[in-house]
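Presented below is the structure to which this report refers.
The numbers here are math on the coordinates, done by the rules we state, and not lab data. Values in this document were obtained by computation on a predicted structure and should not be read as measured data. Cβ placement follows ideal geometry from the backbone for every residue including glycine, while neighbour counts extend to all protein chains displayed.
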Amino acid sequence: MVSGLMLGTVLMLLPLVGFTRADTLPRQMAEIPQVVTPVLTFFHTLPQAAEAERGIHDVSLLFVGDMMFDRTVATRMKNAGSSYYPFGKISGFRDGTFGHVDLLVGNLEGPVTGKKAAPLKSIDFSFDPFMAKVLKDEGFDAVSQANNHTLDQGRNGADESRKTLQENGLSVFGDEVRDDAEDSLTILQANGRKIALVGFNITDNALDKDAARASIDQALIKADKTVVFIHWGNEYKDKPNADQIALAHWFIDLGADAVIGGHPHWMQGIESYDGKPIVYSLGNFIFDQDWSEETGYGLSVVLNFGDKRSSLDLYPIHIEASQPTVLTGAVRDVRLEKLAQISDAALQDGIKSGTLEF
């Protein structure tokens, strides 16, 4: 009898809670249709309930995919009169669109530098140095420069990029060609825990396995958890190749707690190996590849390391005019269904629900 009354009370209160949350949304978000599954609605409208489930040393890291601020993205920012334009449809990274997040990490697909050298290749990026402040203002804690565009403005441009980002309070990890710990490793701290991020790029050069092993060994010594964030694979493919799979397993065999990838510009599948998550590609987050449907979608993930539980929360996104939006309702379900179909069969039910426990 008591449990029945309690259930009735909760059911009566849920609409009121939902109204209160919607009423406090910024105006521009309130104008966007928000159709969310009941489970996610309950989680997002009652952040204090979710917080009660967190242990004192739990740490959540949000990883977003490839971010590019040149070419048409730069034109769109100029036309909008704001360098913050690409983030206009995200209602806050910390306790908004993605629930609770302690640390925010993304792949910066090019150097932040005022130096524009003569192009060395057909696709050649450089980002206004002010973007370092934009990223910090938006809440980013760390960015990877382990990708095939970091050296687009030469080594001087890459060095300036790292310096400018660091001067704006961002941790930088990874390099286009260097795999040693000095370049590839950074340590973040939150809630009394240290999280190591190790960045590698193998899109245009082979991995130095000895240096990579030494970097991961250093990460294991210095941190409580280690995440490998790697640029790899074949562009415009939804599944990893055999070399990616073997390398991901090797990272986890060395002691990494998770592997997250990028570069294909498409979302790729998820695997569990030795009880550890591998997300083969997040796809795009901020880009201008409007010429195909799949490059206009991506995946962001919240990796939760906890005393009580560890999990991976999945957030499919859609990119329109270089602005990412987190999907909800039926379109979210369609993307999660697609992700389930290209992932480890044993994970399909969890992927469709939007959360994987490990």
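Only one residue in Tyr297, Tyr280, Tyr315 is aromatic (Phe, Trp, Tyr), under 30 Å from Asp224 (Cα atoms) and without any contact (Cβ under 8 Å) to a residue 60 or more places away in the chain, so which one is that?
One residue alone meets the criteria, Tyr280.
With respect to the numbered conditions (1) outside any strand (DSSP E or B); (2) in contact with a Lys or Arg (Cβ under 8 Å, 6 or more places away or on another chain); (3) buried (at least 24 other Cβ atoms within 10 Å of the Cβ); (4) not polar (S, T, N, Q), which one is the sole condition not fulfilled by Val259? The one condition Val259 does not meet is (1).
The condition of being more than 26 Å from Thr72 (Cβ to Cβ), over 18 Å from the mean Cα position of the chain (by Cα) and without any contact (Cβ under 8 Å) to a residue 24 or more places away in the chain holds for Lys352.
Taking the stretch 267-324 and the strands (runs of 3 or more DSSP E) fully enclosed by it, the elements with 3 or more residues that are over 26 Å from Gly92 (Cβ atoms) are at 270-273. So, of the residues in the stretch 153-202 that are part of a helix (DSSP H, G or I) and of a type in the set (A, V, I, L, M), which turns out to be surrounded by the fewest Cβ atoms within 10 Å (Cβ to Cβ)? Once the filter is applied, the top-ranked residue is Ala181.
For (1) touching a residue at least 60 places away in the same chain (Cβ under 8 Å); (2) under 22 Å from Asn284 (Cα atoms); (3) among the hydroxyl-bearing types (Ser, Thr, Tyr), each residue gets a yes or a no:
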| residue | (1), (2), (3) |
| --- | --- |
| Val112 | no, yes, no |
| Phe127 | no, yes, no |
| Val134 | no, yes, no |
| Phe140 | no, yes, no |
| Asn148 | yes, yes, no |
| Asp159 | no, no, no |
| Leu170 | no, yes, no |
| Glu176 | no, yes, no |
| Leu188 | yes, no, no |
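Answer yes if at least one residue in the stretch 148-168 is β-branched (Val, Ile, Thr), within 26 Å of Phe98 (Cβ to Cβ) and under 22 Å from the mean Cα position of the chain (by Cα), and no otherwise. Checked the stretch 148-168: no residue is β-branched (Val, Ile, Thr), within 26 Å of Phe98 (Cβ to Cβ) and under 22 Å from the mean Cα position of the chain (by Cα).
Hey, among Phe251, Phe305, which residue is over 22 Å from Asp66 (Cα atoms) and crowded, with 19+ Cβ neighbours inside 10 Å? Even if it seems obvious, please write down each step before you answer.
Values: Phe251 fails: over 22 Å from Asp66 (Cα atoms).
None of the others qualify; the one that does is Phe305.
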